[in-house]
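S.K.: First the structure, which I've put down as structure tokens, then a few questions once you've had a look.
The values are calculated or read from the model by the stated rules, or taken from the named source; none is laboratory data. The shown structure was predicted, so the numbers you read here are calculated from the model rather than taken from an experiment. For neighbour counting, all protein chains shown are included, and Cβ atoms are generated from backbone atoms with ideal geometry for every residue, glycine included. Heavy atoms of the whole protein, side chains included, go into the accessibility calculation; ligands, DNA and RNA do not. Shrake-Rupley method; radii C 1.70, N 1.55, O 1.52, S 1.80 Å.
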Amino acid sequence: PSSSFVYVISGVHAAHVLGGIAALAVALIHAFGLPFKLTRRRKLRLEMTLIYWHFVDLLWIYLLVFFVMQQS
């Protein structure tokens, strides 16, 4: 069962990373590819992308601290 769990976690992680990269790509295309016009929809898209990436940053810091503490 534990080896199956590793595959599930790896798959969920890969989907999460690909989804984040896709959201970032769309945000960058809309930010630099379209004429500048501040709309409610664009602002929401940017804020959602920022929240996602800040969450991922905090998660990586937490995991790094967790794994360093496990080795001590």
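S.K.: Yes or no: Leu46 at pLDDT 85 or above and in a helix (DSSP H, G or I)?
M.R.: Working: at pLDDT 85 or above: no; in a helix (DSSP H, G or I): yes.
No.
S.K.: Within the range 2-56, restricting attention to residues that are of a type in the set (Ser, Thr, Tyr) and touching a residue at least 12 places away in the same chain (Cβ under 8 Å), which residue is most open to solvent (accessible area, probe 1.4 Å)?
M.R.: Kept after step one, since they are of a type in the set (Ser, Thr, Tyr), are these residues of the range 2-56: 2-4, 7, 10, 39, 49, 52.
Okay, now just the ones that are also touching a residue at least 12 places away in the same chain (Cβ under 8 Å), so 49, 52.
Numbers: Thr49: 15, Tyr52: 53 Å².
Among residues in the range 2-56 that are of a type in the set (Ser, Thr, Tyr) and touching a residue at least 12 places away in the same chain (Cβ under 8 Å), the one most open to solvent (accessible area, probe 1.4 Å) is Tyr52.
S.K.: Quick check on Ala15: is it in a helix (DSSP H, G or I) and touching a helix residue (DSSP H, G or I) at 6+ places or on another chain (Cβ under 8 Å)? Steps first, please.
M.R.: Details: in a helix (DSSP H, G or I): yes; touching a helix residue (DSSP H, G or I) at 6+ places or on another chain (Cβ under 8 Å): no.
Judged against the criteria, Ala15 is not a match.
S.K.: Taking Ala27 and the conditions (1) within 23 Å of Trp60 (Cβ to Cβ); (2) not basic (Lys, Arg); (3) not in a helix (DSSP H, G or I), which numbered condition does it fall short on, given that it satisfies the others?
M.R.: (3)
S.K.: Restrict the check to the range 31-40 and report whether at least one residue is assigned to a loop (DSSP other than H, G, I, E, B) and of a type in the set (D, E, K, R). Spell out how you get there, then give the answer.
M.R.: In the first step, residues of the range 31-40 are kept if they are assigned to a loop (DSSP other than H, G, I, E, B); the result is 34-39.
Those still in the list that are of a type in the set (D, E, K, R) too: 37.
There is at least one residue in the range 31-40 that is assigned to a loop (DSSP other than H, G, I, E, B) and of a type in the set (D, E, K, R).
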